[in-house]
Each structure stands twice: as C-alpha cells, then as structure tokens.
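Everything on this sheet refers to the single structure shown next.
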Amino acid sequence: MEEYQDHSLSGRVFQKIREDILKGKYEEHDELRENTIGKELGVSRTPVREALRQLELEGLVSIIPNKGAYVTGISGKDVRDIYVIRSMLEGLCARWATENITAQLDELDEIMLLSEFHIKKEGNINPEQVTELDSKFHNVLYEASDSRILSHVLTDFHGYVKRARKFSVVSEERARKSIREH
C-alpha cells in the first residue's frame, strides 16, 4: 500500500501533533502553545502554526483569535458517527478486497490465530496487543482493496477511534466479538 506522506516540515509537525492528540497526550480543552510545541519538536513557531491550522480544518483543534489553540478532541458522538461511516466503507473495502486478495489470506489467518491466542492466554487480555492485531487485520484488508483513496480514508477513521477501541477490547467479551466480526 502506497501511503501519502507529507515530507514538508509543517506536514511532519501536523502528523506528530495529530498523533499526540489521538493517542491522548493532549486531551480535550488542552491548550496547544506554539512556542512549547516548537521547542519540543525542535522547530520554529511557523510550522507549528501551519499544523494547528490544518488540525483545525480536521476538527481536532479549535483556534480562538487572541487566545490560542485548544484541543477539540474526538467526542463520543464523533466515535459513533465514525463507526457508522466506517462500517459502510469497510463493507465496500471487503467487497473490493475479495476481488484482489491473494497472499494476504495467509496473513489474515495468522492475525486471527494470534488474536485468538492472546485472548485465551491466561484469561488476561492485553489491550495493546489485541488493538495492534486488529489494526493489522484492517490494514491488510485496506491494502487488498487496491484503492489508495479508500485505504487513506479508512486509515484516518481507524486512527480516530483507535484510542476508544483500546479501552473497549479490555473486556474479553468485546475482544471475542471483534474476532468473530472479522
């Protein structure tokens, strides 16, 4: 899968801040100070300012004139909306993947076996491991769909809800349901 990578400085700063928001380093209502982030990343304020504007367009940040930039975050409603949209797009992805999938079938089987192993292992669910395997499963399907655009959209959505999913697979019941769905 060929992913679009923005190699510009502001693009890399954008990706880093976005990742930090989605991973929970910055929480809802946290102020994102250009100077602080610039020092942390070893860049000037300009690429940070450009990245914050881009994050505002994406809905993850709100910029209040003469006050600053604040994390908007992903609300519970956002997560529910994303799941509904994803379910529709992933149906399309699965349909296209069945037309193109070859060697990826073995990879999907391996992911499913590992997922089941991690759920059965001593009755302790490792949320990071289960979440990582779930992400791999979806990435294989995205690649098999042979659609760069669909893959990009679904990867973004997947990133948005990854943090929420990590907490939902703590339950053995939810983790098992996820595997059955796959």
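General remarks:
- Here region 4-33 is the region considered, the condition is being touching a strand residue (DSSP E or B) at 6+ places or on another chain (Cβ under 8 Å) and assigned to a loop (DSSP other than H, G, I, E, B), and the residue that is nearest to ASN66 (Cα to Cα) is ARG33.
- Looking only at region 34-75, and only at residues there that are within 15 Å of LYS16 (Cβ to Cβ) and outside any helix (DSSP H, G or I), the one that is nearest to the chain's Cα centre (by Cα): LEU60
- Between GLU90, GLU107, the distinction of being in a helix (DSSP H, G or I), open to solvent by 80 Å² or more (accessible area, probe 1.4 Å) and touching a residue at least 12 places away in the same chain (Cβ under 8 Å) belongs to GLU107 only.
- Test for ALA97: is it in a helix (DSSP H, G or I) and of a type in the set (A, V, I, L, M, F, W, C): yes
- TYR26 vs. criteria more than 18 Å from SER8 (Cβ to Cβ) and at pLDDT below 95: yes
- Filter pass, TYR83 being touching a residue at least 24 places away in the same chain (Cβ under 8 Å), open to solvent by 30 Å² or more (accessible area, probe 1.4 Å) and closer than 30 Å to ALA103 by Cα: yes
- The one condition in (1) more than 30 Å from LEU32 (Cα to Cα); (2) among the polar types (S, T, N, Q); (3) open to solvent by 20 Å² or more (accessible area, probe 1.4 Å); (4) modelled with pLDDT of 85 or more that THR72 fails to fulfil: (1)
The values are calculated or read from the model by the stated rules, or taken from the named source; none is laboratory data. Just so it is clear, the model here is predicted, and its values are computed rather than measured. Because the Cβ atoms are built from the backbone with ideal geometry, glycine has one as well, and the counts that use them run over all protein chains shown. Protein only, heavy atoms only, side chains kept; ligands, DNA and RNA dropped before computing areas. Shrake-Rupley method; radii C 1.70, N 1.55, O 1.52, S 1.80 Å.
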